[in-house]
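Bear in mind that the values in this text are calculations on the coordinates, not laboratory data. It should be emphasised that the depicted structure is a prediction, and the values quoted were computed from it without experimental measurement. Glycine gets a Cβ as well: all are built from the backbone with ideal geometry, and neighbour counts include every protein chain shown.
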Amino acid sequence: MLKVEQLHVEVGTFQLRGVELELERGEVLGVLGPNGSGKSTFLKSLLNLYPIRNGTVTIDERNVQKMTASERARHITLLSQMKTWTMAQTVYDLVEAARYAVRTHDAKHEQAIINNVLQQFELSAYKNRPLAHLSGGELQRAYMAKAFAQEVDLILFDEPTTHLDLHYRAQFFEQLLYVKRANKASIVIVHDVNDAIHYCDRVLVLREGSPIAYGQPVDVLTQSFVEQLYEVTMTSVIDPRNGMTKYLY
Ligand SMILES: Nc1ncnc2c1ncn2[C@@H]1O[C@H](COP(=O)(O)OP(=O)(O)OP(=O)(O)O)[C@@H](O)[C@H]1O
């Protein structure tokens, strides 16, 4: 559904060059790379927030650059740490506002959709709470619910697990499975290589604005590659719970 061809974006003096990838519905792509390698720039350029110098981004063969803002909002959304909503808004308001591009004239139907999404993300009891009165994990769930209510095909997550404790971090990845089961595609900036191996179908690795690897996590994220990428020394063990390789660092 998503196809990125020879993407070249310039932001100030930074250049993101030559990104190529394809993503299907129900797949999770992890984006990895050292700080400043261009991960957020890549996500934002998919939303056409930065001018594309060269190359194309298409969703179902439609060029993202040629879509209107409201058309784009029907296909793609970005959940970033930079929350733009005023924290006095309630959880219900947040999710309701997400419907603006897909809203029908049937108020009852709209209410049912919103309530369903709130239930799915275990937020029914919080629906009238201001966002400021939620914990980090609850706020994260509220933003997931917002993305779901928007009914987009592609959800972009910019470092979604920052500030989450171990419990909510695990919960985020569980919710990512909802996204997969709902046959939506997602792209997640991941800093923990183990999470990438465990939860992503494909990974894209950036360094200094260039893609240096792309493929299945187990093929790309070998110990020597990761050690070189982040300039660290690691040990690998087999996780007895699932038989998968896990890195200790
Ligand atoms: N609006 C901007 N104007 C100028 N330079 C920018 C702008 N946004 C980002 N940059 C620069 O582009 C480079 C890539 O930034 P980006 O945020 O994409 O990296 P990142 O891989 O997401 O980093 P991190 O892991 O630290 O979040 C950085 O050197 C950053 O300073």
Across 5 Å bins from the origin, how do the percents of Cα pairs in the chain run, short distances first?
1, 6, 13, 16, 19, 16, 13, 9, 5, 1, 0, 0
Show me the GluC sites (Glu not before Pro) within region 1-41 that DSSP assigns to loop and that have at most 15 other Cβ atoms within 10 Å of their Cβ.
24
Considering only DSSP beta bridges with both partners in region 2-248, what is the antiparallel share in %, to the nearest 5?
60 percent
Hey, rough spin-label estimate for residue 212 and residue 3, points 7 angstrom out along Cα→Cβ, what's it come to in nanometres?
2.9 nm
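Calculate the tail of P(r) for region 124-249: the fraction of all Cα-Cα distances greater than 19 Å, expressed in %.
Tail fraction, whole percent: 56.
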What does region 65-208 give for Rg and for Dmax, in Å, if only its C-alpha atoms count?
15.3, 50
Can you compute the helix-only [θ] at 222 nm over the chain? Use -39500 (n - 2.57) per DSSP H run of at least 4 residues, normalise by all residues, nearest 500 deg cm²/dmol.
-10000 deg cm²/dmol
Checking 151, 231, 159 against a Gaussian network model of the chain (alpha-carbon springs below 10 Å), the top fluctuating residue turns out to be 231
Quick check: residue separation of residue 231 and residue 173 times 0.36 nm, minus the Cα distance between them. What number comes out in nm?
18.2 nm
If each of residue 219 and residue 249 carries a label point 7 Å out from its Cα toward its Cβ, how far apart are those two points in nm?
2.2 nm
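For region 87-133, what D do you get in µm² per second when you plug the Kirkwood radius from alpha-carbon pairs into Stokes-Einstein at 25 °C and 0.890 mPa s?
Value of D from the Cα-based Kirkwood radius: 225 µm²/s.
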Report, in whole Å, the centroid distance computed from the Cα atoms of region 76-154 and region 171-249.
28 Å
Region 174-191 - phi-based ³J(HN,Hα) in whole Hz, Karplus 6.51/-1.76/1.60, Gly and Pro as x
4, 5, 5, 5, 4, 4, 5, 5, 7, 6, 9, 9, 9, 10, 10, 7, 10, 9
Computed ³J(HN,Hα) along region 112-126: with the Karplus parameters 6.51/-1.76/1.60, θ = phi - 60°, integer Hz and x for glycine or proline, the list is 5, 4, 5, 5, 4, 5, 4, 5, 4, 9, 6, 10, 4, 6, 10
For a quick protection proxy, order the peptides 136-144, 177-185, 103-111 by their average other-Cβ count within 10 Å, most packed first.
136-144, 177-185, 103-111
Amide H contacts of residue 11 (H built 1.01 Å from N, under 5 Å, at least 5 apart or other chain):
16
Inverting the mean 1/r over all pairs of different Cα atoms, compute the Kirkwood radius of region 1-87 and quote it in Å.
13.9 Å
Most positive-pole-ward Cα, 135, 162, 244, against dipole of the chain from beta carbon charges
135
